[in-house]
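In what follows, a structure is listed as structure tokens, so that the remarks can point back to it.
Read-outs: derived from the displayed coordinates by stated rules, not from any lab. Quantities reported herein were computed from a predicted structural model and do not represent experimental measurements. Quick reminder, even Gly has a Cβ in these numbers, built from the backbone with ideal geometry, and neighbours come from all protein chains shown.
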Amino acid sequence: MLTRVSVTNFRCLQNVTVRLEPPTILVGPNASGKTTLLRALDPGRLLDEQDFWQGRQGSLKREFSFDDRPRVVDAWSLVSTPPRLNRSQQPDWPGFRYQLLQLQPVKLRNPNLLQEQTLLADDGGNLANVFVTLARDRQNQLVKDFTRLVPVYRDVVSRPSQGGHHRLVFQDRWSDVWDEPAQVSDGSIGPDQIDGLQGLLEEQRTSAQLIGNRHMGKQ
Ligand SMILES: Nc1ncnc2c1ncn2[C@@H]1O[C@H](COP(=O)(O)OP(=O)(O)O)[C@@H](O)[C@H]1O
Ligand SMILES: [Mg+2]
């Protein structure tokens, strides 16, 4: 798991180290650097001059610490005459997959055209397909986590809709009534239940740190 990230001269982050726990929640006023930190975590992203702190020349570094492997370093340098951007150290990302999720309750409720899907869409829009694709014990674990977090429900299953679609339905804990996705509150299905989803997502990637974004629609 990714346990620590240190950033030097990346956009507004001049020298910042953050320890990551599952889950880590970033809270702060506008322009305090939350989105910038999430961006810094993307190993696949190539950098440009605007990524350097105040556009100044110098070196930009991202260091990632994992609990099970040596630190990974990504370092860039910028010199202005002649303008030149260099990657001075290329990271080696064995098995590291990055996904910035912005789960949206309205999308999480989507009926899906039934198909096998193992990777959750960034907005959670294919949750029903990912759920039915899971092995039964993973499904059971997910339902267990979900019903612990949202005790008004006792079970979640996929049910067929029209035109080859299906959706998730939620069984009331104290009766046999099944709620449709539209009847489930944002608080129940929404990004705040990231802990429940985490069980599902850990299956998909071996060691990436999940970043849940609690503010819907805006990073
Ligand atoms: N290259 C840069 N150097 C310094 N500050 C930068 C740079 N690029 C963007 N910023 C500043 O970073 C801040 C944006 O932070 P951001 O991560 O979007 O905040 P949040 O997501 O917490 O609202 C803005 O104040 C912006 O001006
Ligand atoms: Mg932001």
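Over all projection directions, the Cα-based convex hull of the stretch 105-204 averages an area of 5.8 nm². Arranged from fewest to most other beta-carbon atoms within 10 Å of their beta carbon, Ile189, Ile25 become Ile25, Ile189. Rounded to the nearest Hz, the phi-derived 3J(HN,Hα) couplings of the stretch 102-107 under the Karplus curve 6.51 cos²θ - 1.76 cosθ + 1.60 (θ = phi - 60°) are 10, 5, 10, x, 5, 6, where x marks glycine and proline.
Note on the stretch 36-101: the C-alpha convex hull projects to 4.9 nm² when averaged across all orientations.
Compute the Cα gyration tensor for the stretch 43-164, then decide on rounded, prolate or oblate, letting a ≥ b ≥ c be the square roots of its eigenvalues: rounded whenever a/c is under 1.5, prolate when a/b is larger than b/c in the other cases, and oblate in all that remain.
Values: a/c = 3.21, a/b = 2.45, b/c = 1.31.
Here the stretch 43-164 falls in the prolate category.
Electrostatic bookkeeping for Glu63 treats Lys and Arg as +1 and Asp and Glu as -1; over the other residues with beta carbon under 11 Å from its beta carbon, the sum is +3. Using the alpha carbons alone, the radius of gyration of the stretch 1-42 stands to its Kirkwood radius in an Rg to Rh ratio of 0.93.
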